[in-house]
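Asker: Below is the structure I would like to discuss, written out as structure tokens.
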Amino acid sequence: MPSVSTEAPVTAGASAAPSTTSPAPAEQLTPGGPGYRRMSLALFAAGIATFALLYSTQALLPAISTDFGVTAGQASWTVSAATGALALFVLPLSALSERFGRRTLMTASLVVAVVVGLLVPFAPNLEWLVALRAVQGAALAGLPASAMAFLAEEVRPKALVAAIGLFVAGNSIGGMSGRILTGWVAQAWGWRAALAAVGLLAVACALVFRAMLPKARNFTSRTLSPGALAKTVGAHLSDPLLLRLYAIGGLFMTVFGAVYTVIGYRLVADPFNLPQGVVGSVFVVYLVGTVSSAAAGRLVGRLGRRGALYLAVGTTTGGLLLSLADALAAVLLGLVLITAGFFAGHAVASSSVSRTAKSGRAQASALYQSSYYLGSSAGGTLGAIAFHAGGWAATVSLGLLAVLGVVSITLYGSRCARVERRRALAGH
């Protein structure tokens, strides 16, 4: 994979003023070095807040459906509106990070999302709840791509996969803690109190993030240029490898969004009939995602990028098939495998984007995040529709179809790589 330059990249939507002298780039962060631990903790906290807020209603969908008298598909829009808005706004907000800085934009995004999160519990009806969730998702859009660009600029290339893995691990902890917290609080005091609890958790994470994140040392502010933005985005969208990585991220997230949007409905119904608090606790399997995403760097080192993706696909597929059983232990083990496979695949694909893009890294990451969260929106909505039409088996079928897409794309990428190697050898 291409190495990441230590110089501040010329990125999309930005143009630099001419300069006769270019300052030498500051030394990048490395594990064990000064600032690396603070940076890791800050982005870990940001990852927790992002997923806890973004998916705060997911474990509460059965309760929301009952309270508002709506179907699973209608209630699922409280999740899909947030992820869809994030997908739409991540590119323009990443462009703003080129002008105002990654650190500034991440802070502003987190503050707005937290404020909206404290208002969400007071939504008077489903329409208002969906609207507020869309605003919250749009605000959160400033975090993921800016965080990836920050890491690509500030962390040494050899430590990049591990650093991004820690950020993704924070996502998994946020997804787990948010759902467990909402499950038990909702069982005791209702879903509105549960959403308020997630808002307070996000406040704490935002404070840790701002206090711990070190100042950027390799960022150069650039003047926003719509023409440059369009040119660089066009270049990324014409790069076959980046396009494959975007599709892989979106398809993996389609599986994950479908499974975790619907699983609550399955577990509160026959034959399981679990209470809301226990359903929320099921999301402790997110801890598996923490481990698998953090281990993504070692997997790539041993198996290569494609080998790691094949392993993630196989693990996810096994989990989907196992979850079809009507035994609770089998369903839980299936969720463990799905979660491990998803987070490993996501960490590999997202870090590959950051290393593949030689310029415009913020926008390359933003396009990945757009595809990723569009996959979440599609998976959540289509998964709920499939469940309403054909039960859990229909949701699993949707997931298997998405997994087949990942396999096809990865196989095609392997074939393209072999063809390029043959051409290179023939040229010599």
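Asker: Got a sec to turn the phi values of the stretch 195-208 into Karplus ³J(HN,Hα) couplings, 6.51 cos²θ - 1.76 cosθ + 1.60 with θ = phi - 60°, whole Hz, x for Gly and Pro?
Answerer: Per residue, the Karplus-derived 3J(HN,Hα) values read 5, 5, 5, 5, x, 5, 4, 5, 4, 4, 5, 5, 5, 5 Hz.
Asker: Going by amide H atoms built from the backbone, whose H comes under 5 Å of the H on residue 222, apart from near neighbours?
Answerer: Distant-sequence amide H within range of residue 222: 99.
Asker: While we're here: How much accessible area per residue does the chain have, counting only protein heavy atoms and a probe of 1.4 Å, in square angstrom?
Answerer: Roughly 38 Å² per residue, with all protein chains present.
Asker: How would 37, 355, 306 line up by accessible area, probe 1.4 Å, largest first? Could the numbers behind the result be given before it?
Answerer: Values: 37 200, 355 45, 306 70 Å².
Sorted by accessible area, descending: 37, 306, 355.
Asker: Another question about this same structure. At R0 = 35 Å, how high is the FRET efficiency between residue 291 and residue 122 if r is their beta carbon distance? Nearest 0.05 is fine.
Answerer: Numbers: r = 37 Å, r/R0 = 1.06.
For residue 291 and residue 122, the calculated efficiency is 0.40.
Asker: Over the chain, with every protein chain in place, what whole percent of the accessible area is carbon and sulfur at 1.4 Å, could you tell me? Walk me through the intermediate numbers first.
Answerer: On the way: 11050 of 16390 Å².
C and S atoms contribute 67 percent here.
Asker: Multiply the residue separation of residue 407 and residue 100 by 0.36 nm, subtract the distance between their alpha-carbon atoms, and state the gained length in nm to one decimal.
Answerer: On the way: separation 307, 0.36 × 307 = 110.52 nm, distance 3.92 nm.
Once the chain is fully extended between residue 407 and residue 100, it gains 106.6 nm.
Asker: Give me a comma-separated list of calculated 3J(HN,Hα) values for the stretch 176-190, in order, Karplus coefficients 6.51, -1.76, 1.60 applied at θ = phi - 60°, integers in Hz, x for any Gly or Pro.
Answerer: 5, 5, x, 6, 5, 4, 5, x, 6, 5, 5, 5, 8, 10, x
Asker: Next up: Could you derive backbone 3J(HN,Hα) for the stretch 310-323 from the dihedral phi with the Karplus parameters 6.51, -1.76 and 1.60 (θ = phi - 60°), listing whole Hz in sequence and x where the residue is Gly or Pro?
Answerer: Each residue of the stretch 310-323 in turn: 4, 5, 5, 5, x, 5, 5, 4, x, x, 4, 5, 5, 5 Hz.
Asker: Shifting gears a bit: Just by accessible area at a 1.4 angstrom probe, what is the order of 385, 409 from largest to smallest?
Answerer: Values: 385 90, 409 40 Å².
In descending accessible area the options line up as 385, 409.
Asker: Sticking with this structure for a sec: Counting helices only, and only those DSSP H runs with n ≥ 4, report the 222 nm mean residue ellipticity of the chain as the sum of -39,500 (n - 2.57) divided by its residues, in deg cm²/dmol to the nearest 500. Before the final figure, lay out the partial values.
Answerer: Numbers: 16 runs with 330 residues, N = 428.
Value at 222 nm, helices only, nearest 500: -26500 deg cm²/dmol.
Asker: What residues qualify as long-range amide H neighbours of residue 155, i.e. H under 5 Å apart, gap of 5 or more or another chain, H built at 1.01 Å from N?
Answerer: Amide H neighbours of residue 155: 29.
Asker: At 0.36 nm per residue, and after removing the present C-alpha to C-alpha distance, how many nm does the segment from residue 284 to residue 71 gain when stretched out fully?
Answerer: Details: separation 213, 0.36 × 213 = 76.68 nm, distance 2.62 nm.
Gain on stretching residue 284 to residue 71: 74.1 nm.
Asker: So how much slack lies between residue 200 and residue 270, counting 0.36 nm per residue of separation and subtracting their Cα-Cα distance, in nm? Mind dumping the intermediate values first?
Answerer: Numbers: separation 70, 0.36 × 70 = 25.20 nm, distance 3.39 nm.
Here the segment from residue 200 to residue 270 would lengthen by 21.8 nm.
The values are calculated or read from the model by the stated rules, or taken from the named source; none is laboratory data. Model, not experiment: these values are computed from the prediction. Positions of Cβ are backbone-derived with ideal geometry, glycine not excepted, and every protein chain shown enters the neighbour counts. All accessible areas refer to the heavy atoms of the entire protein, side chains included, with ligands and DNA or RNA removed. Shrake-Rupley method; radii C 1.70, N 1.55, O 1.52, S 1.80 Å.
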